[in-house]
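The values are calculated or read from the model by the stated rules, or taken from the named source; none is laboratory data. Predicted model only: the values in this text are computed from it and were never measured. Using ideal geometry, Cβ is built from the backbone for each residue, glycine included, and neighbour counts are taken over all protein chains shown. Surface areas here come from the heavy atoms of the whole protein model, side chains and all, with no ligands, DNA or RNA. Shrake-Rupley method; radii C 1.70, N 1.55, O 1.52, S 1.80 Å.
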Amino acid sequence: MPSYTELCALPMPATQSPIRLFLAIAALLVWPALAQAQTAANDPQRLVESEVTAGQRDIAEAWLILPNNRYDHKVLGRSYEAGGLRVRMRDGAVLSFVLPDEFVFEDRLARLADLDGDGHDEVIVVMTSLNKGASLAVFGTDSGQLQLKAQTPFIGQPHRWLNPAAIADFTGEGRPDIALVQMPHLVKRLELWTLRNGKLVRITSFDGVSTHQIGSGETKMFATYDANKDGVLDLIVPDSDRQNLLMISFAGGRAKKVGSIAVPVPALGNFSIQDDVLTVPLANGDVFRTGLE
């Protein structure tokens, strides 16, 4: 976009100075507004409570759109869920995917990761059928469109949800895997999935894990860390009562516990790690911190 100075420097007869003034005003007022409309922050359709994910590859940012109340689960504490998904590409193009009325995105985050190693990010989000419950869906950009590439099976009945956890190379095979918890309030099963030949394939599972309290909008009750120092990232998640922090290794494609840390009261909130210190919010409002070295 030309600047005010560049517009004023355009060769133009003196009789057309009013035109120069008009163009300068347009540069300062109209064009910036149009540019801002292409970002998540200025999208009037954005699901306000959802996070905007910044990408490092071809997708600059991804977010959820079109809040609606057609699904009455309220697992994340609100009466509305998202009806669509939107991304802004690195070149400025904006792509959208709008769900049919029998589906919602039961999520607060559109995750980005290159799952198939082609150099382009996929978008990972919880897609829920009003009749069959939740599934994990993977979207990609192809030929200027945002399209569904793969998904896990729907759980099978309404008001059943899954909570994605971290996306990382958990097996040591050199490609990202997706950790999720199937029905964190009921079944409490940690699963590891990966994208192979265009399909999501379950690698392994581990029972007795819960990463969410029903009605909470906080969904990141997990962290990644190489707990057993084998050079492969492990996943730190609460157990089924959220009173012990389990360190789960998936190296070699098998899930096993490699450590555990007790917390004084149940964990409740998003985990974080900084300088090898794990920070865990607790249900009583306190914060638990422990060194991992």
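Quick look at the numbers
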{"quantity": "Packing-based order for 68-78, 103-113, using average beta carbon neighbours within 10 Å, highest first", "calculated": "103-113, 68-78"}
{"quantity": "For the chain: relative contact order, % (alpha-carbon pairs under 8 angstrom, 6 or more apart)", "calculated": "9"}
{"quantity": "Structure-based [θ]222 nm, the chain - -39500 (n - 2.57) summed over DSSP H runs of at least 4, per residue, nearest 500", "calculated": "-2500 deg cm²/dmol"}
{"quantity": "Rg/Rh for region 246-287, where both radii come from Cα atoms and Rh is the Kirkwood radius", "calculated": "1.06"}
{"quantity": "Approximate spin-label separation residue 142-residue 70, in nm, with each point projected 7 Å along Cα-to-Cβ", "calculated": "2.4"}
{"quantity": "Rounded to whole Hz, the Karplus (6.51, -1.76, 1.60) HN-Hα couplings of region 110-119, x for glycine and proline", "calculated": "9, 7, 10, 6, 8, 7, 10, x, 8, x"}
{"quantity": "Förster-model FRET efficiency, 35 Å R0, residue 262 and residue 118, C-beta, rounded to 0.05", "calculated": "0.25"}
{"quantity": "Carbon and sulfur %, accessible surface of region 201-268 computed with the full protein complex present, 1.4 Å", "calculated": "46"}
{"quantity": "In Hz, Karplus ³J(HN,Hα) per residue of region 124-129 (6.51, -1.76, 1.60; θ = phi - 60°; x = Gly, Pro)", "calculated": "10, 8, 7, 10, 10, 8"}
{"quantity": "Rounded accessible area of residue 273 (nearest 10 Å², 1.4 Å probe)", "calculated": "60"}
{"quantity": "The chain: most fluctuating residue of 220, 199, 229 per GNM, C-alpha cutoff 10 Å", "calculated": "229"}
{"quantity": "Selected from 145, 213, 274 as most flexible by GNM, with the chain as the system and alpha-carbon contacts under 10 Å", "calculated": "274"}
{"quantity": "Set of lysines near residue 229 by C-alpha distance (under 17 Å), chain-local residues within fewer than 8 positions excluded", "calculated": "256, 257"}
{"quantity": "In sequence order, calculated HN-Hα J values of region 150-162 (Karplus, 6.51, -1.76, 1.60; Hz; x Gly/Pro)", "calculated": "6, 7, 7, x, 4, 4, x, 8, x, 6, 10, 10, 10"}
{"quantity": "Rounded, prolate or oblate (a/c below 1.5 giving rounded, otherwise prolate when a/b exceeds b/c) for region 84-208 by Cα gyration tensor", "calculated": "oblate"}
{"quantity": "Descending semi-axes in Å of the chain, equivalent ellipsoid built from Cα gyration tensor", "calculated": "41, 22, 20"}
{"quantity": "Calculated log₁₀ intensity ratio I(q)/I(0) where the Debye formula runs over C-alpha points of region 183-293, q = 0.16, 0.19 Å⁻¹", "calculated": "-0.72, -0.99"}
{"quantity": "Rounded if a/c under 1.5, otherwise prolate or oblate - region 165-246, Cα gyration tensor axes", "calculated": "oblate"}
{"quantity": "Percent of C-alpha pairs per 5 Å bin, region 117-185, short to long", "calculated": "4, 16, 21, 22, 18, 12, 6, 1"}
{"quantity": "Translational D in µm²/s for region 94-156 (Stokes-Einstein at 25 °C, 0.890 mPa s, Kirkwood Rh from C-alpha pairs)", "calculated": "200"}
